[in-house]
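Beneath this line is the structure, given in structure tokens, with notes to follow.
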Amino acid sequence: QFFVFCHGLLQLSQLLVSGYLKSSISTIERRYGLSSQTSGLLASFNEVGNTLLIVFISYFGSRVHRPRFIGCGAILVSLAGFLMSLPHFITGPYEYDQSVASMFSNTTDLCQPSIPGSRANLSDAGCTPHAARENHEVLLVMFIAQALLGIGGVPIQPFGISYIDDFASERNSPLYLGILFSVTVIGPGVAFMLGSAMLRFYVDIDKVTGDEVQLTNKDPRWVGAWWLGFLVAASLVALSAVPYFFFPREMPKEGKGAGRDFPVVLLRNLRHPVYLLVVLAQVNLSAMVAGLATFMGKFLERQFSLTASLANMIIGAVNIPGAMVGIVVGGAILKRFQMSLRQCSAMCVLGMFLCLLVAFPLLFLGCPTQKVAGVTYRESSEFEHYASECNLQCSCPEKAYNPICGSNAIEYISPCSAGCRVVNINTDNNSVLNYTNCSCISENGLAGFAKPGTCGTGCSHLFLPFVVLSCLAGILASTSHTPSFMLILRSIQPEDKSFAVGIQFMLLRVLAWMPGPVLYGSAIDTTCILWEKKCDRKAACRYYDNNLFRQRYLGLQFFFEVGAF
């Protein structure tokens, strides 16, 4: 029982490390200027190390000191967690365009007609060879950490499960494994809640004092303390690793020589139509979940103008518990009605069909991108002429990004692009109150004013229906989880069972978990309408076409749901 307790704790903290990355992915994109394709690849990179080794490890399981192996794996995972936070400590403080000269920079992004030609330095300051190299180092460190995370995670689950199954009584074994399984489902939820808590702190909380930070967490330039969660999670893993070095080896029952007939068993399983079809359905579902887990937060942030912290809170407190409810309900129905295999498959089909019905309206719940001058919005030819004139004498830096919302409900990329000449400061906390004397924002022929921050998509009324429907779709889809497992376990020869499950997980990894996030990330990148430029390369996306983003992101999800059905 102590082993089960330790293993539950270890699995929870391991999932905290891997799930936390997904919760802070949109923040890391913004901090280091990554496209969604890159961040999707990063998120799925731990599966690479994992997949390469999982077959060997499952095969050698009976010949090694399992607890010690689990302990070593856990130490690797903990190391990976600490490595993930390293980029924060090797790079300088986060820099963003400001309207108020501060100790970091004396340039501002207001309209300053007096000095022509002196403004170029704002945009190119961050483009030394050193900065470019720094960015490569960051990516390299993170990819290595993700690979280590995958490798370290390899022995944890298979060895733990087989160890428990070998030494627990026949009667208790299912209970123990059930406990562990529920932990693996709770884990990501806890990770998103941790993300929600950490991203409320400013990223450089250790490098600058509170009064120097002029951003609030509602600001589109806000970057939360993404690295803090990795330190917390990695420390937890390190602590949970300790007991494993003190568990006995206890000679396991001799396993049968599985090596000789490896290819025979593989072919026998892959030729089994039920096995193959169920695994393919699970591949579709897993691909959907992979995209959902990696980019759902980003989607909520953009579509409904939420903070990263709130988006994580919704996923961790609503969507993931919903999926747990679905899994439990599916298992309960299965047990209550003692279903035959045909009834199991009927239940899977019904669950997916209902899921499709609920998920379809989601494609239409959303709003277009807010009006952004010069990006999504050009009023008329006369306006076009006026808009290009109104900030000509300002000589605005191209790359400035400090969105403001004009009194005409149009968003401008920076105070300079709106021709604002005056900034009013709240003296108590150094924050910007508003911008006035803006030549591009005309109201009744007078220069208008603007507030700091984005105008938002004005979509908040659709947020609740969206969350309810997506949660419901998740519950319905996950009711098919347990019956589909039963289909596999009962339709296959008993002696092939563990091997069949191993192959199943490998196929899920190779066909869904690895390519899934990259596919979703690439689809999201195609909907970007304004890229941030760093050293003449595309960095993070500033504005998406929200309608396209929704259609492609949720459309891809719907496509996989149809595939599973």
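The values are calculated or read from the model by the stated rules, or taken from the named source; none is laboratory data. A quick note: this is a predicted structure, and the numbers were derived from the prediction, not measured. Here Cβ is always computed from backbone atoms with ideal geometry, including for glycine, and neighbour counts include all displayed protein chains. In case anyone asks, the SASA skips ligands and DNA or RNA and just uses the protein heavy atoms, side chains included. Shrake-Rupley method; radii C 1.70, N 1.55, O 1.52, S 1.80 Å.
Observations on the structure shown:
- Residue in the stretch 518-538 that is more than 30 Å from Ala281 (Cα to Cα), surrounded by 22 or more Cβ atoms within 10 Å (Cβ to Cβ) and not β-branched (Val, Ile, Thr) present: no
- Output for the stretch 220-245, where each listed residue is open to solvent by 30 Å² or more (accessible area, probe 1.4 Å) and in contact with a Pro (Cβ under 8 Å, 6 or more places away or on another chain): Phe245
- Filtered residues of the stretch 192-219 (kept if of a type in the set (Asp, Glu) and either under 20 Å from Leu306 (Cβ atoms) or open to solvent by less than 40 Å² (accessible area, probe 1.4 Å) (or both)): Asp204, Asp219
- The stretch 44-66, subset assigned to a helix (DSSP H, G or I) and touching a Lys or Arg at 6+ places or on another chain (Cβ under 7 Å), residue modelled with the highest pLDDT: Glu47
- Being assigned to a helix (DSSP H, G or I), open to solvent by less than 40 Å² (accessible area, probe 1.4 Å) and not assigned by the TED database to the domain that holds Asn312 holds for only one residue in Leu41, Leu16, Leu9, and it is Leu16.
- Gln303 at pLDDT below 95, of a type in the set (S, T, N, Q) and over 30 Å from Leu199 (Cα atoms): no
- For first residues located in the stretch 393-410 and within 13 Å of Cys111 (Cα to Cα) and assigned to a strand (DSSP E or B), partners that are among the aromatic types (Phe, Trp, Tyr) and open to solvent by less than 10 Å² (accessible area, probe 1.4 Å) and lie 6+ apart or on another chain with Cβ distances below 6 Å do not occur.
- If you check Leu446, Leu462, Leu433 for being under 26 Å from Asn547 (Cβ atoms) and surrounded by fewer than 18 Cβ atoms within 10 Å (Cβ to Cβ), only one passes: Leu462.
- Residues of the stretch 415-430 that are touching a strand residue (DSSP E or B) at 6+ places or on another chain (Cβ under 9 Å) and either open to solvent by less than 50 Å² (accessible area, probe 1.4 Å) or of a type outside the set (Val, Ile, Thr) (or both): Pro415, Ser417, Ala418, Gly419, Cys420, Arg421, Val423, Asn424, Asn426.
- Of the listed requirements (1) at pLDDT 90 or above; (2) of a type in the set (A, V, I, L, M); (3) over 20 Å from Pro483 (Cβ atoms), Val279 misses just one: (3).
- Selected residue [out of contact with any Leu (no Cβ under 6 Å at 6 or more places or on another chain), aliphatic (A, V, I, L, M), in the same structural domain as Ser13 (by the TED database) and in a loop (DSSP other than H, G, I, E, B)] from Ile186, Ile205: Ile205
- When restricted to residues that are closer than 19 Å to Tyr543 by Cβ, out of contact with any Lys or Arg (no Cβ under 6 Å at 6 or more places or on another chain) and not in a helix (DSSP H, G or I), the stretch 19-38 contains 2.
- Residues considered: Gln504, Gln493. Of these, the only one that is over 30 Å from Arg221 (Cα atoms) and touching a Lys or Arg at 6+ places or on another chain (Cβ under 8 Å) is Gln493.
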